[in-house]
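Working notes for the structure below.
The values are calculated or read from the model by the stated rules, or taken from the named source; none is laboratory data. No experiment lies behind these values; they were computed from the predicted model shown. Every residue, glycine among them, receives a Cβ derived from its backbone with ideal geometry; neighbour counts consider all protein chains shown.
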Amino acid sequence: MRGHAPFLVTHPLVPAGPGRDRSQPHPPLAMNLALIGPSGVGKGTHAANLCARFDLHHIATGELFREHLNSRTALGLLARRYMEQGELVPDEVVDAMIEEWCEQHPPWQGILFDGFPRTAEQARFLDQLLQRFNLPLDAVIYLRASDPEITRRLSGRLICSQCNAPWHHTLHPPQVAGICDLCHGALRPRPDDTPALVEHRLRVFHRTTGPLLEYYVDSGHLAIINGEGTTAEVGGRLTEFVSALEDGQAPFATRTQAAGIVATERLSQLPPHLARPSLDVVLLGGPGSGKGTQAERLCAELKIPHIATGDLFRENLKHSTELGRLARTYMDRGELVPDDVTEAMVEERLSRPDTHAGFVLDGFPRTLPQATALMEMAARLNRRIGHVIHIKVSDDAIIRRLSARMICRECQAPYHLEFRPPRQPGVCDACGGALYQRADDNPNTIRARLATFHAQTEPLISYYRRAGLLHEVDGEGALGEITARCLAAVRGGSLAGTAS
């Protein structure tokens, strides 16, 4: 990393305006593009061709992530530590990898971002980052294909067991069936390309991509290109658009044109008389807000289970469940575990008998698309989300809290040098394991995590407020007082209030 704080882009989150600022020192033919679309639409193939044709530097987040892991960079080691502890790698780690790459990129060469950004939050991050380097984002190209076409393509996809190179039975076949041309490794189908998983993955993709496309329609950067047909046909359409972009004649999508692919927000739940009577609670809060501790205390009082997504992810990996094995295939390939796997783990957990009377869900949802997913899960399980408690703590207080946080290396039990110290310094009370401080519990990375949290959570807060489910609880003060406020929110009392 360079001298500035990792993960942290210091500009305010202000979207870049449409068009190129010709006053900046930027060669007239250098373009910066993003190519997005569902898995299987052919982004990698077409990105490589566009880069060769228009002299663009190709950056694919999956390859960048694997490069950091394999090269054991500081960011790669941090990402690997999350993976080894059975945790999902946070978005801010990937954002930091993008930021570092852009720092080292020569400003006179154009960039093609392949598969990034994936969310509206990442779009804001990318705008802010490019502004910092005086680089425009000329266009975001959405390569569109129907769900049946994507399903057909993915059903023939193969991956090399040695080098992870992608192949396809018909669209990109190897010279020798079943053998990788590059390293001669064995080719095999991807375990996540079954029809059921593909259908679920596409639902998650549309849910996540709708707000992203809406963001770029509003900024005047979105182009929608038909991704169906032969590779040559699709490549011709892309080349035609980018050539027109060079000449200042490119057609961008209007809201009307994008209406068919921009998902609309859904706030509906099952009517009360159709849902089972249960106390289903969601806890929201930033890192270090104490939501895990409050979840445990609420569950003890209400006699319902605490479901923490971090624990759930580790449980699936440890017991090698079907979903755990699927998650492990991504991790073994040096890839991020996608949202659809996490959502499936959450839905399976909410369907277990011990949740009949209710649950406290901690760590999910983190984003607006996940909130929509949770509503859909609840409906499928004949449930209703009853309360969403947002534990509000100031950023300064969170930085103080996390800087003194300790974790057990063996059982992952959390401690705090001030609020929850171990009986013996450096030793876990529960299992005797050694305690350590997480690498990301330092002020600079905490601030970056908080910036990501606020960017992701503000739309989530608004969503639950419009749904009439939100309780905002002051999360500062004595532990018992905070618990009392949370209980009052669930029980409809008067202690919850609204945090200042």
* All but one of (1) touching a strand residue (DSSP E or B) at 6+ places or on another chain (Cβ under 6 Å); (2) modelled with pLDDT under 85 hold for Val388, so report the exception by its number. => (2)
* Structure fact -> Over the range 439-450, the set of residues in contact (Cβ under 8 Å) with a residue 40 or more places away in the chain and surrounded by fewer than 19 Cβ atoms within 10 Å (Cβ to Cβ) is Ala439, Pro443, Asn444, Arg447
* Given (1) closer than 26 Å to Ile225 by Cα; (2) surrounded by 15 or more Cβ atoms within 10 Å (Cβ to Cβ), where does Pro195 come up short, assuming only one miss? -> (2)
* Whichever residue in the range 270-304 is of a type in the set (Gly, Ala, Ser) and touching a Lys or Arg at 6+ places or on another chain (Cβ under 7 Å) and, among such residues, is farthest from Ala448 (Cα to Cα) -> Ala275
* Would it be correct to say that Ile461 is in contact (Cβ under 8 Å) with a residue 60 or more places away in the chain, surrounded by 15 or more Cβ atoms within 10 Å (Cβ to Cβ), in the same structural domain as Phe359 (by TED's automatic domain parsing) and under 25 Å from Leu302 (Cα atoms)? -> yes
* How many residues are of a type in the set (S, T, N, Q) and closer than 22 Å to Thr355 by Cβ if we restrict to the range 306-333? -> 3
* To do: Give the residues of the range 63-106 that are in contact with a helix residue (DSSP H, G or I) (Cβ under 9 Å, 6 or more places away or on another chain), of a type in the set (Gly, Ala, Ser) and under 21 Å from Cys163 (Cα atoms), sorted by residue number.
  => Gly76, Ala79
* Structure fact -> Log entry, pairs with first residue in the range 148-160 being of a type in the set (Gly, Ala, Ser), second being part of a strand (DSSP E or B) and surrounded by fewer than 22 Cβ atoms within 10 Å (Cβ to Cβ), beta carbons closer than 7 Å, six or more apart or on different chains, reads Gly156/His168
* Asked: Residues of the range 342-362 being in contact (Cβ under 8 Å) with a residue 60 or more places away in the chain and either buried (at least 18 other Cβ atoms within 10 Å of the Cβ) or basic (Lys, Arg) (or both), which ones?
  -> Thr342, Glu343, Ala344, Thr355, Gly358, Phe359, Val360, Leu361, Asp362
* Please name all residue pairs, on different chains or six or more residues apart, with Cβ atoms under 9 Å, provided the first residue is in the range 327-340 and is in contact (Cβ under 8 Å) with a residue 60 or more places away in the chain and the second residue is outside any helix (DSSP H, G or I) and among the hydroxyl-bearing types (Ser, Thr, Tyr). => Pro338/Ser39; Asp339/Thr367
* Asked: Any residue in the range 46-61 that is modelled with pLDDT under 90 and out of contact with any strand residue (DSSP E or B) (no Cβ under 8 Å at 6 or more places or on another chain)?
  -> no
* Can you find a residue in the range 437-446 that is of a type in the set (A, V, I, L, M) and in contact with a helix residue (DSSP H, G or I) (Cβ under 9 Å, 6 or more places away or on another chain)? -> yes
* Asked: For Asn316, all conditions in the list (1) closer than 16 Å to Met83 by Cβ; (2) modelled with pLDDT of 90 or more; (3) surrounded by fewer than 19 Cβ atoms within 10 Å (Cβ to Cβ) hold save one; what is the number of the exception?
  -> (3)
* Looking at the range 400-421, which of its residues are among the aliphatic types (A, V, I, L, M) and surrounded by fewer than 20 Cβ atoms within 10 Å (Cβ to Cβ)? -> Ala404, Ile407, Ala413, Leu417
